[in-house]
1. Treating only the Cβ of Lys, Arg, Asp and Glu as charged (+1, +1, -1, -1), what charge dipole size does the stretch 135-252 show about its Cα centre? Round to the nearest 20 debye.
2. Order these peptides, 65-72, 30-37, by their mean beta-carbon neighbour count within 10 angstrom, highest first.
3. Residue by residue through the stretch 39-53, which ³J(HN,Hα) values in whole Hz follow from phi under the Karplus form 6.51 cos²θ - 1.76 cosθ + 1.60 (θ = phi - 60°), with glycine and proline marked x?
4. Using the Cα centre of the stretch 135-252 as origin and beta-carbon charges of +1 (Lys, Arg) and -1 (Asp, Glu), tell me which of 183, 173, 148 is placed farthest towards the positive end of the dipole.
5. What distance in nm lies between label points placed 7 Å from Cα along the C-beta direction at residue 50 and residue 129?
6. With charges set only on the Cβ (+1 for Lys and Arg, -1 for Asp and Glu), what does the dipole of the stretch 3-129 come to about its Cα centre, in debye to the nearest 20?
7. Could you state the number of Å between the C-alpha centres of the stretch 21-59 and the stretch 207-237?
8. Counting only the backbone N, which residues of the stretch 85-106 are under 16 Å from the spot 7 Å out from the Cα of residue 121 toward its beta-carbon?
Amino acid sequence: MNKASLERLRATSGVVPWRLRLAEFVESGRVEHFIVAVILINAVVLGFETSKSAMASCSSLLIAIDKACLVVFCLEIGARLLAYRWAFWRSGWNIFDFAVVAVALVPGAGAWAVLRSLRVLRVMRLLTVIPSLRKVVAAFLHAIPGLGGVLLLMSVFLYTSAVLAVNLFGQTFPQWFGSLGGALFSLFQILTLEGWADMAREVMTVYPWAPLFFVPFIIIATFTVLNLFIGIIVSTMQELATKPDSEESEAQTAEQILQRFAPDLKALLARIPSTKTQD
């Protein structure tokens, strides 16, 4: 999962052999597949725990499996900490794994009971295990700077439209446009195209010219701004899809450099003894 971290550990001088062997074991394909299987089993168990009938019939078994999965996750995180030590915290994915597992260890009583419910986030560990999912998350994070301008544009447009809607329809339809907050919520509902036609038809019974407000709003907010939002994400994903994974590419680049210059180094070393003999 963290091949680049393993390569950096191998290149670090003074690393005791058992740490290197432990890192190789944790990063092996067998362990990775085992962790994926445990995550999927844990996801199924967490789903069954939401069923009252399932908990009534086999609650002890479900709780035992859930605790066993948590033990496996703790052992994996502990092994990584022992192998990489402070280098473990250099990877954002490792920090995410640690936080998700740590939440599951929070006591389930008192004020901590709400945080205890966040143990379902353990399923999100699939993002750190499966490279294709990591690329999707990396693409979304990479697109955030570009999305900032779109979000700002959408916010300004929604705010302006909400103020206008309150002034136009607020007195007659206070349930939708009676306040700025209510108008923002109603316009967001219209933006998602959820029940907007019924709302617009009812407004049209009093204001026949209401389509002059709703139709341009839908065209600008839904068909233009949201598609621009989606387009930025798609273009970013296509851009990153042409590039190899950052962690894997670092290790591959080092290996390619060594393979490229290895023959020249061997030839140079072979000439050194002959030069001394001629002298």
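No lab work stands behind these numbers, since they all come straight from the coordinates. This structure is a prediction, so every number in the text was calculated from the model and none was measured. Positions of Cβ are backbone-derived with ideal geometry, glycine not excepted, and every protein chain shown enters the neighbour counts.
1. On the way: 3 positive and 8 negative charges, 90 e Å.
Rounded to the nearest 20 debye, it is 440 debye.
2. Details: 65-72: 16.2, 30-37: 13.4.
Per-residue Cβ counts within 10 Å, averaged per peptide and sorted highest first, yield 65-72, 30-37.
3. For the stretch 39-53, the Karplus-derived couplings read 4, 5, 4, 5, 5, 5, 5, 4, x, 5, 5, 7, 8, 5, 5 Hz, x marking Gly and Pro.
4. Result: 173.
5. Placing both labels 7 Å along Cα→Cβ, they lie 2.0 nm apart.
6. Values: 15 positive and 8 negative charges, 52 e Å.
Taking the Cα centre of the stretch 3-129 as origin, the dipole is about 260 debye.
7. When both Cα centres are located, 42 Å separates them.
8. Counting backbone N atoms under 16 Å from the label point, the list is 92-106.
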